[in-house]
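Asker: Below is one structure. I have some questions about it.
The values are calculated or read from the model by the stated rules, or taken from the named source; none is laboratory data. Only a predicted model underlies this, so the values are computations on that prediction, with no experimental measurement involved. We place every Cβ from the backbone using ideal geometry, glycine too, and count neighbours over all the protein chains shown.
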Amino acid sequence: MQKTIVYIISDQRSGSTLLEQVLSCSYNVNTVGELIHLHDYLKQSGVGWPRGWQCQCGEPVNTCQFWSDIMCYADLDIRTMLPTKLTNNIGRHEENREKNERINQLDIIYDALFEKLNCSVLIDSSKNVYQAIELSKYSRHHYRFIYLTRDMRAVTLSKRKWRKIYGQEIPPLLRNLAAVLRKRIKYNNAVEVLGPNHITIQYEKLVKNYPEYLRLIWDFVANEWVNVVVPDTVGGSKGHTIAGTPNRNKVRGIVYDDTWRRKSKERKFFNLIGYMLELIV
Ligand SMILES: [Zn+2]
């Protein structure tokens, strides 16, 4: 059986946790969340501070038994391990030793995860497209990439909501939208490098008709060992995923939440610009 890593690429607040959870309901499939942040969570620095670098199980990742088993299987030491983030700069593909060592380390972590979880498909929702490209080129594992996009107005408003909850500074609305647009353009261009090894899925369509999209995704992944399950709800199981949406443990139905539309319509200029951008980008 061919072990496959399904890597989800998206902007933040685009529904990647939901997609990850829906996919991981099938037999022989497991999810690890955003593996790119493992190093940060273990070291308790950077990303993850709003939630105390907790694993999904509630323990901080650096004291969670599951992750200490993985570190043990992989023969890694928190003090000396390399970052799990590869690079942010597409185009800089020079074969430097540091990058090769980081990819090798990720390969070993994936091996440990496959062994510990005893599955044939692993979902990694790290989201970062540049990491995806590096892995597709230099990792020894087999990958399928899913590029998930969501209406840029919804992404913008959701990012602002979470910045507010975390007490962060909130930039002007249009500047926020422009940043989301820039990322969309960069990601749209970058995923092309992955060629036929990626598919693009729109969040809105996925949620409105997820049984059909699940079949489409599993056909694309083409792993004969997966026994596909179409769930009614997601969340509620205590796994050991890293990062992801804060309400990932809450049991929730898979329904399209369009409350952002009302908020968007109240901001007429933003709504119009966002609508037009969505048609062309
Ligand atoms: Zn845990």
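Asker: Between S237, S264, which is more than 21 Å from the chain's Cα centre (by Cα) and small (G, A, S)?
Answerer: S264
Asker: Exactly one condition in (1) on the phi < 0 side of the Ramachandran plot; (2) surrounded by 17 or more Cβ atoms within 10 Å (Cβ to Cβ) is not met by N188; state its number.
Answerer: Condition (2) is where N188 drops out.
Asker: Something else about it: Can you name every residue in the range 217-251 that is closer than 21 Å to L113 by Cβ, more than 16 Å from the ligand (Cβ to nearest atom) and exposed (fewer than 13 other Cβ atoms within 10 Å of the Cβ)?
Answerer: A222, E224, N227
Asker: Here's another thing I want to ask about it. Just checking, does the range 177-197 include any residue being in contact with a helix residue (DSSP H, G or I) (Cβ under 6 Å, 6 or more places away or on another chain), over 26 Å from L277 (Cα atoms) and touching a residue at least 24 places away in the same chain (Cβ under 8 Å)?
Answerer: no
Asker: Given (1) more than 16 Å from the ligand (Cβ to nearest atom); (2) on the phi > 0 side of the Ramachandran plot; (3) crowded, with 17+ Cβ neighbours inside 10 Å, where does L214 come up short, assuming only one miss?
Answerer: (2)
Asker: Sticking with this structure for a sec: So, in the range 59-74, exactly how many residues are under 15 Å from L113 (Cβ atoms) and either touching a Cys at 6+ places or on another chain (Cβ under 6 Å) or not polar (S, T, N, Q) (or both)?
Answerer: The number of residues fulfilling the criteria is 10.
Asker: Here is a follow-up. For D75, work out the one condition from (1) in contact (Cβ under 8 Å) with a residue 24 or more places away in the chain; (2) surrounded by 16 or more Cβ atoms within 10 Å (Cβ to Cβ); (3) farther than 30 Å from V229 by Cα it doesn't fulfil.
Answerer: All conditions pass for D75, except number (2).
Asker: In this structure, does I170 turn out to be without any contact (Cβ under 8 Å) to a residue 40 or more places away in the chain and not in a helix (DSSP H, G or I)?
Answerer: Criteria met by I170.
Asker: Something else: Have a look at D69, D111, D77 and point out the one that is within 27 Å of H198 (Cβ to Cβ), at pLDDT 95 or above and either of a type in the set (D, E, K, R) or within 16 Å of the ligand (Cβ to nearest atom) (or both).
Answerer: Testing whether each residue is within 27 Å of H198 (Cβ to Cβ), at pLDDT 95 or above and either of a type in the set (D, E, K, R) or within 16 Å of the ligand (Cβ to nearest atom) (or both) leaves just D111.
Asker: For the range 19-33, indicate whether the set of residues that are touching a residue at least 24 places away in the same chain (Cβ under 8 Å), crowded, with 22+ Cβ neighbours inside 10 Å and farther than 22 Å from G236 by Cα is non-empty.
Answerer: No, the range 19-33 contains no residue that is touching a residue at least 24 places away in the same chain (Cβ under 8 Å), crowded, with 22+ Cβ neighbours inside 10 Å and farther than 22 Å from G236 by Cα.
Asker: Right, something else. Considering only the range 184-231, state which residues are part of a helix (DSSP H, G or I), farther than 18 Å from S126 by Cα and among the small types (G, A, S).
Answerer: Once the filter is applied, which keeps residues that are part of a helix (DSSP H, G or I), farther than 18 Å from S126 by Cα and among the small types (G, A, S), the range 184-231 yields only G195.
Asker: Next up: Give the range 20-51 a look and list any residue that's farther than 20 Å from L106 by Cβ and within 13 Å of the ligand (Cβ to nearest atom), or say none.
Answerer: Listed by number, the list holds a single entry, R51.
Asker: Still on this model: Residue check: is T63 of a type in the set (S, T, Y), within 14 Å of the ligand (Cβ to nearest atom) and touching a helix residue (DSSP H, G or I) at 6+ places or on another chain (Cβ under 8 Å)?
Answerer: On the way: of a type in the set (S, T, Y): yes; within 14 Å of the ligand (Cβ to nearest atom): yes; touching a helix residue (DSSP H, G or I) at 6+ places or on another chain (Cβ under 8 Å): no.
When the stated conditions are applied, T63 does not pass them.
Asker: Identify all residues within the range 252-281 that are farther than 22 Å from N176 by Cα and either exposed (fewer than 11 other Cβ atoms within 10 Å of the Cβ) or touching a Leu at 6+ places or on another chain (Cβ under 8 Å) (or both); write none if there are none.
Answerer: Filtering the range 252-281 down to residues farther than 22 Å from N176 by Cα leaves 252-256.
Correct list: G253, I254, V255.
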